[in-house]
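All remarks here apply to the structure that follows.
The values are calculated or read from the model by the stated rules, or taken from the named source; none is laboratory data. Only a predicted model underlies this, so the values are computations on that prediction, with no experimental measurement involved. Neighbour counts run over all protein chains shown; Cβ positions are idealised from the backbone, glycine included. Each accessible area value is taken on the protein alone, full model and side chains, heavy atoms only, with ligands, DNA and RNA left out. Shrake-Rupley method; radii C 1.70, N 1.55, O 1.52, S 1.80 Å.
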Amino acid sequence: MAIILGGGGGSTSFPTIFLHKSQTWVPPQDGNIMIHVIGAGGSGCASSGNTTLQSGAAGGYCRKNSLAVTTSGSFTVVVGAGGTGGTNGADGVVGGNTTVAGTGLSSTLTANGGGAGSSSSPNYGAGGTAANGDVNNTGGAGTDFGGGAVGITGTGNTAALGSPPDCDVIGPSSLMGYGYICGESGGQYLENETVYDDDYGVHNIDSATQGGFLAGGGSYMANGAGLEYTIYGGNGGIGGGGGQSMNKRAALYSRAGNGGNGIVIIQYLPA
Amino acid sequence: MKYNIKDADGNITNTIVADAGFVEANFEHYEEWTNPNPTPPEPTAEETARQWRDSELSATDEAAKIPDWPNRANILVYRQDLRDWPSTQDFPDTKPTLGE
């Protein structure tokens with residue numbers, strides 16, 4: 001499956017193509033392209049204990065700045081799968097690696113998946129690395145407060161208290177084109193949050209917020225009285241790490257966020 | 001679909017998003033992915049009821065501590081009903097109610 005957007009300004013001469021799953025990709029037209037390769041995010045760890053647990057990390061970011069292609073060329077695109085969030089005290093799962101190889105590339109563009117949150121030391125998920133591009137950035141690591149974000153301009157952002165794991169370049173997707181890509185805001189960290197509902201009175205929110213495109217998911221910490229129903233860490237957006245979840249009262253009712261799948265973005269460039 | 005890609009020794013080297021045809025054409029060793037983290041159980045009616053009860057107690061904590069809180073006498077009765085509720089036959093289907 002490929003999703004094609006017209007380039008910035010609505011041009012169809014310089015499309016942006018999103019590849020969400022593995023495939024053999026044949027250029028639809030001759031030209032110069034920029035290739036963005038993004039590894040999958042790792043998932044967070046879930047727990048009921050008092051140990052500090054961590055979220056999943058973002059995948060790496062690899063970019064080929066310019067490559068001449070023709071319709072007779074072809075590329076093998078492998079898209080990594082995001083890790084599935086830990087449940088009932090389980091560790092997270094590392095994200096899959098995303099790669100692109102093919103005509104005109106001397107080596108495989110590689111964006112490795114982000115590490116998983118774990119209950120054993122070191123318990124943070126380390127950001128996925130990248131190799132063989134003109135730009136190779138490491139993803140943001142997971143923290144107590146959320147999954148890591150993909151880094152377009154440098155190492156990806158990490159979450160802190162009051163600072164969600166945003167992508168380092170935030171903007172509307174409508175501006176993507178001509179070699180420019182952008183992400184979205186990360187998920188919010190929650191700790192014993194409550195809301196009011198007309199039917200049930202005051203009750204707890206059961207899920208941290210999810211990360212947007214290329215951003216990490218928020219963490220959920222049921223830190224006080226605890227909850228006897230499932231709380232969820234926020235899922236990472238594409239390439240983002242999943243947030244951890246900690247329910248101190250009930251091990252059975254804690255599920256960390258999933259890491260986002262990887263992606264390959266191909267953009268045709270003006271001559 | 002997700003697939004685990006393996007080396008010749010059977011070790012998982014990557015997990016990818018792909019169709020079966022792509023995996024068959026490009027990898028020698030692989031398996032269809034299965035979720036290593038099963039979905040947590042849905043809470044039972046009793047668990048949901050206890051969670052609601054705990055929330056109600058938490059929401060009326062302040063009222064119980066302040067002597068001139070409006071309707072405080074009924075709130076105190078309500079809180080005791082909430083505490084007793086799990087041991088009654090009304091639990092978990094019929095919730096205690098706060099008197100006006």
I need every pair where a residue in the range A:62-77 that is touching a residue at least 60 places away in the same chain (Cβ under 8 Å) and within 10 Å of A:L105 (Cβ to Cβ) has its Cβ under 7 Å from the Cβ of a residue that is of a type in the set (D, E) and open to solvent by 50 Å² or more (accessible area, probe 1.4 Å), sequence separation at least 6 or different chains. A:K64/A:D134
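Residue-by-condition table, conditions (1) modelled with pLDDT of 65 or more; (2) open to solvent by less than 10 Å² (accessible area, probe 1.4 Å); (3) aliphatic (A, V, I, L, M):
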| residue | (1), (2), (3) |
| --- | --- |
| A:D206 | yes, no, no |
| A:G216 | yes, yes, no |
| A:G242 | yes, yes, no |
| A:M246 | yes, yes, yes |
| A:A251 | no, no, yes |
| A:G257 | yes, yes, no |
| A:G262 | yes, yes, no |
| A:I266 | yes, yes, yes |
| A:P270 | yes, no, no |
Only one of (1) open to solvent by 30 Å² or more (accessible area, probe 1.4 Å); (2) in a loop (DSSP other than H, G, I, E, B); (3) within 28 Å of B:A18 (Cβ to Cβ) does not apply to A:T155, and that is (3)
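If you take the residues of the range A:87-111 that are more than 19 Å from A:A149 (Cβ to Cβ) and in contact with a Gly (Cβ under 6 Å, 6 or more places away or on another chain), which of them is least open to solvent (accessible area, probe 1.4 Å)?
To start, the set of residues in the range A:87-111 that are more than 19 Å from A:A149 (Cβ to Cβ) comprises A:87-91, A:99-110.
Next, from what is left, pick out any that are in contact with a Gly (Cβ under 6 Å, 6 or more places away or on another chain): A:103, A:109.
Working: A:T103: 76, A:L109: 1 Å².
Top of the filtered list is A:L109.
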What do you reckon, is A:A116 at pLDDT below 95, within 23 Å of A:Y220 (Cα to Cα) and aliphatic (A, V, I, L, M)? yes
Where residues in the range A:1-22 are modelled with pLDDT of 90 or more and open to solvent by less than 30 Å² (accessible area, probe 1.4 Å), which of them is farthest from the chain's Cα centre (by Cα)? A:P15
May I ask you to say which residue of B:W33, B:W69 is open to solvent by 60 Å² or more (accessible area, probe 1.4 Å), without any contact (Cβ under 8 Å) to a residue 12 or more places away in the chain and of a type in the set (F, W, Y)? B:W69
Elements of type strands (runs of 3 or more DSSP E) contained in the range A:87-146, each with 1 or more residues being under 19 Å from the mean Cα position of the chain (by Cα) and within 14 Å of another protein chain (Cβ to nearest Cβ): A:98-102, A:109-111
Just name the residue that is farthest from A:A208 (Cα to Cα) out of those in the range A:126-145 that are modelled with pLDDT under 95 and in contact with a strand residue (DSSP E or B) (Cβ under 9 Å, 6 or more places away or on another chain). A:T143
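Does the range B:40-47 include one or more residues that are under 30 Å from A:G82 (Cβ atoms), open to solvent by 30 Å² or more (accessible area, probe 1.4 Å) and not acidic (D, E)? It would help to see each step written out before you state the result.
As a first pass, look at the range B:40-47 and keep what is under 30 Å from A:G82 (Cβ atoms): B:40-43, B:47.
Cutting the leftovers down to open to solvent by 30 Å² or more (accessible area, probe 1.4 Å) gives us B:41-43, B:47.
In the following step, the residues that additionally are not acidic (D, E) were identified as B:41, B:43.
Yes, the conditions are met somewhere in the range B:40-47.
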Could you tell me which numbered condition B:Y30 fails, if it satisfies all but one of (1) aromatic (F, W, Y); (2) facing chain A (nearest Cβ under 8 Å); (3) under 30 Å from A:S22 (Cα atoms)? (2)
I need the full set of residues from the range A:261-271 which are away from every other protein chain (no Cβ under 11 Å) and of a type in the set (G, A, S), in order please. A:A271
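Out of the residues in the range B:79-100 that are more than 21 Å from B:A45 (Cβ to Cβ) and open to solvent by less than 80 Å² (accessible area, probe 1.4 Å), which is modelled with the lowest pLDDT?
Applying the filter and picking the extreme gives B:G99.
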If you scan the range A:173-204, which residues turn out to be at pLDDT 90 or above and either within 14 Å of chain B (Cβ to nearest Cβ) or out of contact with any strand residue (DSSP E or B) (no Cβ under 7 Å at 6 or more places or on another chain) (or both)? A:Y180
Just name the residue that is nearest to the other protein chains (Cβ to nearest Cβ) out of those in the range B:45-100 that are within 24 Å of the chain's Cα centre (by Cα) and among the hydrophobic types (A, V, I, L, M, F, W, C). B:A59
In the range A:62-86, what residues are in a strand (DSSP E or B), crowded, with 22+ Cβ neighbours inside 10 Å and within 10 Å of another protein chain (Cβ to nearest Cβ)? A:V77, A:V78, A:V79, A:G80
Do we have A:G39 as surrounded by 20 or more Cβ atoms within 10 Å (Cβ to Cβ) and modelled with pLDDT under 95 here? no
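Let's see how each residue does on (1) among the charged types (D, E, K, R); (2) over 24 Å from A:G239 (Cβ atoms):
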residue	(1), (2)
B:M1	no, no
B:N14	no, no
B:T44	no, yes
B:A49	no, yes
B:R72	yes, yes
B:W85	no, yes
B:D93	yes, yes
B:L98	no, yes
